[in-house]
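Each value in this text was obtained by applying a stated rule to the coordinates, not by laboratory testing. Keep in mind it's a predicted model, so treat the numbers as computed, not measured. All Cβ positions, even for glycine, are placed from backbone atoms using ideal geometry, and neighbour counts span all protein chains on display.
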Amino acid sequence: MKFLKFAEIGFMIICALFCLSLLGMGLKWCGRAKQVVQQELDPQNLLNRYMWFKDASAMLDKHLADAKTLKFKCNNLQEMYKGESRKDWARVDAEQCNLWLSEVDGIKTAYTNLAAEYNAAMAKINYRFTNIGKLPQGADKVLPREYKPYSEILN
């Protein structure tokens, strides 16, 4: 009989320890979840992300402006030599136009890569600063949710 009582008490102690360890793991998990939420919603972290999106948006706009400028320059050369074959152009002008067109191709690639990175980052979470009425102090413009690929904007 004494052995049975001792076994029951031992079993109850083991069950209690098991339950406490489960409770401890649950509390640890909740603590980690709280830490992640605090880190993600930290004002400094949100500001850093906003600044990255703002910088990326400005760089994408710059890429478009640069590509338009280079295409405009090349079109001006083509207008100047209107009706003439490309082989009849002055060598310097033909080389310059080719260089500008090569630069436009590089800008297209850079734009496409940055737009894809911007779109992927924007899709990861619903950032508050992309919604009207919840901009950081000093911000006056809502950032775009998505940038279209270069091929859909200019050709």
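Structure above, values below:
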item	result
FRET efficiency for Asp66 and Leu46, using Cβ-Cβ distance with R0 set to 35 Å, rounded to 0.05	0.70
Unsatisfied cross-links (Cα-Cα over 24 Å) in the set Lys54/Lys108; Lys28/Lys124; Lys54/Lys148; Lys62/Lys141; Lys73/Lys141	Lys28/Lys124; Lys73/Lys141
FRET efficiency for Phe11 and Gln35, using Cβ-Cβ distance with R0 set to 41 Å, rounded to 0.05	0.65
Approximate spin-label separation Leu23-Ala121, in nm, with each point projected 7 Å along Cα-to-Cβ	4.5 nm
Hits among aspartates and glutamates - C-alpha to C-alpha of Lys71 under 18 Å, sequence gap 8 or more where chains match	Asp61, Glu79, Asp93, Glu95, Glu103, Asp105, Glu152
